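The values are calculated or read from the model by the stated rules, or taken from the named source; none is laboratory data. Predicted model only: the values in this text are computed from it and were never measured. Cβ: placed from backbone, ideal geometry, glycine included. Neighbour counts: every protein chain shown.
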């Protein structure tokens, strides 16, 4: 399987080979930073998925009988390959996604952590054993589910697939990936690296496509479990449809993350951190700062945030917006904010670097200030480099606004007081909480996952909880005749 270096028609990966789609339909893959077509991706149909499932079932029957310690060797080797090729992989990622090279390098580094955690499974995915009575032993063993699948988004096309793939495959499953059609090149690199690392053909497959193939994956009776990361609207649909088809489903959705700033927060640290949270990946991440709840007299901090954001330009510090549709959506929120009574204290629509590539979709940061809690910019996920500010008199008022929002990915507070931080941590209704950190993404082995409408299904697809999600448990009770140790259970 060749490295993706030039424009070409992509293929599905089934049985270790690249195969064209039976549908014959394709869509262009457009580089967000230049507007050029860099590849064409097939839009597969249910027949393509049937082929992938059949190949996966055949490969999985042998793969599952390999000892866990042997299976994880693939990911030891893949980790080394990723580290050796990190610059090339970052370039591919930046080309298809539009984020900066530094952001791509960070994504690759976090993906390596996922490979490392999977390689530790012989020490962590162990069953329990207990002598429950004289001569009577109870133990548990873990077993794979069979063929499983993952549907992943455009914004982290290398890292998010590796939230799922190493854990699911190391635990004995065969895995089918459906990457975003906007960013399929990183998925092809993953397939190449897995093959180089020695993964048997068919254990990993890629089936490209759009809504049609998502629905086919949800419905396919040969797929036992499904991981999904994307918007809340689609996450809920995937969860309901997958569960109805008898699958185990973990679907992670979008968010509207609130950062609370109180007057005693360190001004410089807070401003730097808030700006990084708002503008990282051009705001196209479900953990980005979206709403700033400014409690009391915090104008000295807000002013510093504004200064730092005003110095940033799209196409320089900020990467590109993924698509024309996304660009227009973000622009619409900014335009309507002015019309609906909020104050646009920083307008990123024209804040584009002079040397930004022509044909690219770039925006600078925007600040929508003095918004009300029911304003659309306060409630809806914009998924761009915008910060909405709501002024609050008390921390309890800020908490009430945070906890009333339907999402629950992240919430953070900036303060120098441990007591204030503890008060907030205990009361904020979100699955991932930050204290003086605006992107509180837990690192391995802690699992990523929010609450409320940011999350559907039980368990985790990262961390120790993923061991339970991608396996089923067998309980075994054993008793042998032993006249010398007989008791009431004999």
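Structure notes:
- A Cβ distance below 6 Å, combined with a sequence gap of six or more or placement on separate chains, defines the contacts here; from the stretch 106-125, residues that are not assigned by TED's automatic domain parsing to the domain that holds residue 468 reach no residue that is at pLDDT 95 or above.
- Filtered residues of the stretch 158-192 (kept if over 20 Å from residue 249 (Cα atoms), in contact with a helix residue (DSSP H, G or I) (Cβ under 8 Å, 6 or more places away or on another chain) and part of a loop (DSSP other than H, G, I, E, B)): 158, 182, 183, 184
- Matching residues in the stretch 458-486 - criterion: being in a loop (DSSP other than H, G, I, E, B) and modelled with pLDDT under 95: 458, 459, 460, 461, 462, 463, 464, 480, 481, 482, 486
- Qualifying residue in the stretch 250-270 (condition: surrounded by fewer than 23 Cβ atoms within 10 Å (Cβ to Cβ), touching a helix residue (DSSP H, G or I) at 6+ places or on another chain (Cβ under 9 Å), part of a strand (DSSP E or B) and not assigned by TED's automatic domain parsing to the domain that holds residue 362): no
- Of the candidates 33, 90, the single residue that is surrounded by 18 or more Cβ atoms within 10 Å (Cβ to Cβ), under 26 Å from residue 280 (Cα atoms), touching a residue at least 12 places away in the same chain (Cβ under 8 Å) and more than 21 Å from the chain's Cα centre (by Cα) is 33.
- With respect to the conditions (1) under 28 Å from the mean Cα position of the chain (by Cα); (2) within 20 Å of residue 398 (Cα to Cα); (3) outside any loop (DSSP other than H, G, I, E, B), residue 300 lacks only one, and its number is (1).
- Any chance residue 384 is farther than 26 Å from residue 308 by Cβ, at pLDDT 95 or above and assigned by TED's automatic domain parsing to the domain that holds residue 272: no
- Of the listed requirements (1) part of a loop (DSSP other than H, G, I, E, B); (2) out of contact with any strand residue (DSSP E or B) (no Cβ under 7 Å at 6 or more places or on another chain), residue 396 misses just one: (1).
- Every residue from the stretch 201-222 that is under 17 Å from residue 146 (Cβ atoms) and either outside the structural domain of residue 242 (by TED's automatic domain parsing) or under 21 Å from the mean Cα position of the chain (by Cα) (or both): 204, 205, 207, 217, 218
- Selection from the stretch 341-385 of residues that are part of a loop (DSSP other than H, G, I, E, B) and within 17 Å of residue 256 (Cβ to Cβ): 342, 371, 372, 373, 374, 375, 380, 381, 382, 383, 384, 385
- Once the stretch 201-219 is narrowed to residues that are on the phi < 0 side of the Ramachandran plot and in contact with a helix residue (DSSP H, G or I) (Cβ under 6 Å, 6 or more places away or on another chain), the residue that is surrounded by the fewest Cβ atoms within 10 Å (Cβ to Cβ) is 216.
- Top-ranked residue in the stretch 303-335 [being in contact with a helix residue (DSSP H, G or I) (Cβ under 7 Å, 6 or more places away or on another chain) and either outside any loop (DSSP other than H, G, I, E, B) or assigned by TED's automatic domain parsing to the domain that holds residue 155 (or both); ranked as nearest to residue 97 (Cα to Cα)]: 318
- Residue match in the stretch 397-410 (condition: in contact with a helix residue (DSSP H, G or I) (Cβ under 7 Å, 6 or more places away or on another chain), modelled with pLDDT of 95 or more and loosely packed, with under 15 Cβ neighbours inside 10 Å): yes
- Meets criteria (surrounded by 24 or more Cβ atoms within 10 Å (Cβ to Cβ) and either in contact with a helix residue (DSSP H, G or I) (Cβ under 6 Å, 6 or more places away or on another chain) or farther than 28 Å from residue 291 by Cα (or both)) for residue 246: no
- Check on residue 282, assigned by TED's automatic domain parsing to the domain that holds residue 425 and within 24 Å of the chain's Cα centre (by Cα): yes
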